[in-house]
Amino acid sequence: MILDLSIIIPLYNEKESLIELNNRIHANFENTRYTFEVIYVDDGSSDDSWETICDLTKQYDKIKGISFAKNYGKSQALNAGFKYAKGNLIATLDADLQDSPDELVPMIEMLKKEKLDIVSGWKKIRYDNFFLKNLPSKLFNYSARAISGIKLHDFNCGIKVYKKNVIKSINVIGEMHRYIPFLASQAGFKKISEKEVKHQKRKYGVTKFGSERFVNGFLDLLTLWFLNKFGKRPMHFFGLLGTLMFFIGLIFTIYLGIDKIYLNTNSRLITDRPQFFIALTTIIIGVQFFISGFLGEILLRQKRNKNYVISKFIPSD
């Protein structure tokens with residue numbers, strides 16, 4: 001059977017919210033024309049989240065469960081869910097109920113009506129701590145807009161809706177789940193928009209993300225910028241720097257040679273002169289940049305494999 005929608009829900013230690021979340025998803029879609037499935041991806045929870053998912057699969061035939069052998073992170077959880085999703089549209093939703101499942105149908109309608117590739121949620125009004133989360137989030141999103149060129153207010157919002165071919169065309173690695181719209185844009189899917197969604201106060205448990213996620217987010221953003229600009233030909237970047245450094249070292253080497261052989265303006269040994277160490281250092285650095293570029297070109301030709309292990313899957317294939 002062809003499904004209209006796959007809902008991917010990555011989670012880590014969210015046992016308390018799963019039953020309410022699942023009930024709200026089913027209540028939200030039971031009076032619509034959409035056929036759907038829900039894929040819960042347990043990212044190595046240490047509580048009873050997986051047992052709760054197993055119970056839900058016995059009650060609802062629309063539910064699938066994936067359990068990781070350990071905690072691999074949200075990006076890998078989404079990757080696994082994307083792999084097994086069968087819907088023509090794919091939605092992502094966090095399990096903590098801070099983004100309401102009620103937002104999904106309006107987002108789907110918006111995507112279809114405006115013929116978009118992606119609709120991303122925008123939590124315009126947030127209930128998080130201003131200094132610990134809101135302000136860093138604003139700075140982070142400003143930087144993401146500036147570097148990516150994509151006019152989204154909330155890159156990190158967990159609730160999004162995608163066309164299936166968008167998700168099947170990208171690979172979410174590392175901690176790049178924040179930048180799926182950026183990755184999709186690089187793959188040629190430019191019709192990206194956003195819809196304002198209501199942000200709910202956390203009802204169960206505690207947040208699983210600390211302040212370090214913003215630092216990691218900025219570093220990932222710089223990585224994406226670099227990959228976007230030089231990812232296909234790293235030698236263009238490293239080779240240019242290597243050539244520049246090597247050329248500087250060569251100039252100093254020629255100068256020292258001419259001065260020692262023909263001009264003899266300095267009686268000190270060449271190895272005692274600072275120009276010698278500048279020449280030596282820049283030549284070595286230049287060669288290292290060349291090697292880095294060469295290795296980068298080789299790595300691009302290697303197939304990237306998944307780096308997570310699924311220990312359980314319901315229903316089993």
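The values are calculated or read from the model by the stated rules, or taken from the named source; none is laboratory data. Bear in mind that the values here come from a model prediction, so they are computed numbers and not experimental data. Cβ sites come from the backbone with ideal geometry, for glycine too, and all protein chains shown count toward neighbours.
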Selection from the stretch 90-138 of residues that are small (G, A, S) and modelled with pLDDT under 85 = S137
Just for the stretch 152-182: of the residues that are out of contact with any Asp or Glu (no Cβ under 8 Å at 6 or more places or on another chain) and part of a loop (DSSP other than H, G, I, E, B), which one is farthest from P10 (Cα to Cα)?
-> S169
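Here's the yes/no breakdown for (1) assigned by TED's automatic domain parsing to the domain that holds K112; (2) touching a residue at least 24 places away in the same chain (Cβ under 8 Å); (3) surrounded by fewer than 24 Cβ atoms within 10 Å (Cβ to Cβ):
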residue	(1), (2), (3)
E14	yes, yes, no
S17	yes, yes, yes
E20	yes, yes, yes
N23	yes, no, yes
N31	yes, no, yes
Y34	yes, yes, yes
E37	yes, yes, yes
V41	yes, yes, no
What do you reckon, is L18 in a loop (DSSP other than H, G, I, E, B) and in contact with a Ser or Thr (Cβ under 6 Å, 6 or more places away or on another chain)?
-> no
Check every one of the helices (runs of 4 or more DSSP H) wholly within the stretch 45-139 and list those with 1 or more residues that are in the same structural domain as Q200 (by TED's automatic domain parsing) and β-branched (V, I, T).
-> 49-59, 104-113
Which listed residue, of L221, L280, L227, is surrounded by fewer than 17 Cβ atoms within 10 Å (Cβ to Cβ), of a type in the set (A, V, I, L, M, F, W, C) and at pLDDT below 75 | L227
